[in-house]
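K.L.:
Shown below is the structure under consideration.
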Amino acid sequence: MNTRIIFVMSIVFVSSVYGCCGINESGVKCEGQLYVGEPYTHKSFQDVTVIDFRWSLDDSISVCEVSSSFTGKGRGYSLSIASDRKEKGGKYYRMSYPDQLKLLKEAVSYMKKEKGKDHLKRIYIQMSALGDAGVLVSNKYKAIKPAEKAYDRSSYQRALEKSLLISDIKDLVRPFHQTIRNISFELVYNVSTKDLLEDVILNQLNYPDTVELCDDLCIELL
C-alpha cells in the first residue's frame, strides 16, 4: 500500500503542543500539534528518504506540508513547502503564513534533534502555498516593475530578495551559521486570490484580485 496515501493512518506523534488554543484571532483553526509522517523512499531516488510534516488539529490536518529529503550520509538535507491534499475525502484545514513558518521551524528542529541533520542545503517553495508571504512578493513586484513591460524577471528577482519570506529564511538558518547563496525560479504565473484562498488564509486587509507567483522557487544555502 502506498505510504503517502495512508499518511493520516501511519503518523508518529511528536509531543509539541503550542499555546494556540486551536482558533486564531480570525476565528480560523491554527496549528495545533505537530505530526511527523513515517519515513518513505523517494519515488525517483532510492537512496533518498523523505519525511512529511504537518499540523494536526482535532480530526483534520493542514493543507500545508513541509517535506524533508535526505540520505544516510552527512548532515545535509533539503526541505520543500507545498499545499497537498493527498487523500481524497480527507479533512484538511487552511493556515496563515505565520503558522506555516512555525511548521517549517519545527521541521528544521526535528531534523537536527532526531536525525542529526543540521545543514540545510536548499528549500523548494510552492509560493501559492504561503498565503501572505506570496502576496507581499507580488505586490512589491507590481510596484517596481516597469509599466511598459508585461513581465520583468529582474524586477521579480529583486522583489523576492527584499521580501519577508527571504528575511524569515535568513532568520531560520542564522543559528546554524548559514546564509543564502542563491535564489532561483523559472515560471511566474497569474493566479486569482479566490483560488488562492482555497488552500491558505490571507491576513492582509487589502489584497488584489490576482497575484503573480512562482511555484518552483529554490533557495540554495551555504
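Throughout, read-outs are computed from the coordinates displayed, never taken from laboratory work. Values in this document were obtained by computation on a predicted structure and should not be read as measured data.
K.L.:
Take the alpha-carbon centre of the stretch 154-222, take the same for the stretch 117-150, and report the distance between them in whole Å.
P.N.:
Cα centroid of the stretch 154-222 versus Cα centroid of the stretch 117-150: 2 Å apart.
K.L.:
By how many nm would the segment from Glu148 to Phe176 lengthen if fully extended, with 0.36 nm per residue of separation less the alpha-carbon distance? Spell out each step's value before the answer.
P.N.:
Numbers: separation 28, 0.36 × 28 = 10.08 nm, distance 4.28 nm.
Result for the pair: 5.8 nm of gain on full extension.
K.L.:
With 23 Å as the limit, write out which pairs from Lys102/Lys162; Lys43/Lys86; Lys43/Lys121; Lys112/Lys162; Lys73/Lys115; Lys86/Lys115 have Cα-Cα distances beyond it, or answer none.
P.N.:
From the list (Lys102/Lys162; Lys43/Lys86; Lys43/Lys121; Lys112/Lys162; Lys73/Lys115; Lys86/Lys115), the Cα-Cα distance tops 23 Å for Lys112/Lys162; Lys86/Lys115.
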